[in-house]
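The values are calculated or read from the model by the stated rules, or taken from the named source; none is laboratory data. Quantities reported herein were computed from a predicted structural model and do not represent experimental measurements. Here the Cβ is made from the backbone with ideal geometry for all residues, glycine too, and neighbour counts use every protein chain on show. The accessibility values were calculated without ligands, DNA or RNA, using every heavy atom of the protein model including side chains. Shrake-Rupley method; radii C 1.70, N 1.55, O 1.52, S 1.80 Å.
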Amino acid sequence: MPNKMKLSDADLLSLFHADPDFQTNFTPRHYARKTLVYSPFEEKNLVFVVRSGRLRIYLSYEDKEFTLALLEKGDVFSTHTPAFVQALEGTEILVCSTATFGQALARRPELSLTMVKVLGELLQNSIQTIEGLAFKDVRLRLVDFLVGAAADRGRVTAEGTVVQLGLGTEDIALLIGTTRQTISQIINDFIKADLLVKIDRKTLLIKDLAAFQEMKEVS
């Protein structure tokens, strides 16, 4: 499962502000929650940048799904992969053909560096997903996810670390390769152990982040 909630720190949307002509290559598209945006069965060579919302990149074999990454605002991705792309919430993307994007890369060398970084982080996420599924049980995969989410977007308070996940139990289950019921049970166990507080459906308070980090290190 992805250790980071956002695929990359790179933000291609910043290029649109710096170079308005760059955006003319892209067409906006909107997708509702849970919509399948792209599948590997579509013969489309496109590149898109997330303008708003959140997307899930995953592989599917028979009845199993393996999440590789989440895409958020500013992330870039290509449809020329064996992966599925699904909107986890209402999402807007900016799309252009791979050929057109290649021409833009030739004009803007800094884009090439960004793309290399994004691809490297996607590969890292893929390896972490495989390692987690192969060698860790669900509880430890959830611990990895919580520690990563705290590092990625946690806000330290007097009570602990508040993490606005923006994800419900079902979404977390998809990310770490298990069922919603299992995630709910483990989260409730952590709450009973006074390690977590559920602020709302998509926000957690990690009361003892050190305890989770210790679980992660011991594993």
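Residue by residue through the stretch 100-118, note down the ones that are modelled with pLDDT of 75 or more, small (Gly, Ala, Ser) and exposed (fewer than 15 other Cβ atoms within 10 Å of the Cβ). Within the stretch 100-118, GLY102, ALA106 qualify. Within the stretch 175-196, restricting attention to residues that are open to solvent by 40 Å² or more (accessible area, probe 1.4 Å) and among the aliphatic types (A, V, I, L, M), the residue that is nearest to the chain's Cα centre (by Cα) is ILE191. Just one of (1) out of contact with any strand residue (DSSP E or B) (no Cβ under 8 Å at 6 or more places or on another chain); (2) modelled with pLDDT of 90 or more; (3) not hydrophobic (A, V, I, L, M, F, W, C) fails for GLY154. It is (1). It is to be established whether one or more residues within the stretch 177-191 are in contact with a Gly (Cβ under 8 Å, 6 or more places away or on another chain), farther than 20 Å from GLU89 by Cβ and outside any loop (DSSP other than H, G, I, E, B). Checked against the condition, which is being in contact with a Gly (Cβ under 8 Å, 6 or more places away or on another chain), farther than 20 Å from GLU89 by Cβ and outside any loop (DSSP other than H, G, I, E, B), the stretch 177-191 yields no hits at all.
When the stretch 76-99 is limited to residues that are open to solvent by less than 10 Å² (accessible area, probe 1.4 Å) and in contact with a Ser or Thr (Cβ under 6 Å, 6 or more places away or on another chain), the one that is nearest to THR27 (Cα to Cα) turns out to be VAL95. Of the residues that make up the stretch 89-99, is at least one assigned to a helix (DSSP H, G or I), at pLDDT below 90 and touching a strand residue (DSSP E or B) at 6+ places or on another chain (Cβ under 8 Å)? Yes, the stretch 89-99 contains a residue that is assigned to a helix (DSSP H, G or I), at pLDDT below 90 and touching a strand residue (DSSP E or B) at 6+ places or on another chain (Cβ under 8 Å). When the stretch 144-168 is filtered for residues that are assigned to a loop (DSSP other than H, G, I, E, B), free of Cβ contacts under 8 Å to residues at least 60 places away in the same chain and buried (at least 17 other Cβ atoms within 10 Å of the Cβ), only GLY160 remains.
Of all residues assigned to the stretch 193-201, at least one qualifies as being closer than 22 Å to GLU89 by Cα, in contact with a helix residue (DSSP H, G or I) (Cβ under 9 Å, 6 or more places away or on another chain) and either in a strand (DSSP E or B) or of a type in the set (Phe, Trp, Tyr) (or both).
In the set (1) in a loop (DSSP other than H, G, I, E, B); (2) within 12 Å of the chain's Cα centre (by Cα), THR81 fails one condition alone, (2). When the test is whether a residue is closer than 24 Å to PHE66 by Cα, modelled with pLDDT of 90 or more and touching a Lys or Arg at 6+ places or on another chain (Cβ under 6 Å), VAL163 does not pass it. Restrict the check to the stretch 178-187 and report whether at least one residue is basic (Lys, Arg), within 19 Å of LEU140 (Cβ to Cβ) and either without any contact (Cβ under 8 Å) to a residue 12 or more places away in the chain or out of contact with any Phe, Trp or Tyr (no Cβ under 7 Å at 6 or more places or on another chain) (or both). Taking every residue of the stretch 178-187 in turn, at least one turns out to be basic (Lys, Arg), within 19 Å of LEU140 (Cβ to Cβ) and either without any contact (Cβ under 8 Å) to a residue 12 or more places away in the chain or out of contact with any Phe, Trp or Tyr (no Cβ under 7 Å at 6 or more places or on another chain) (or both). Of the residues in the stretch 31-47, none is part of a helix (DSSP H, G or I) and modelled with pLDDT under 80.
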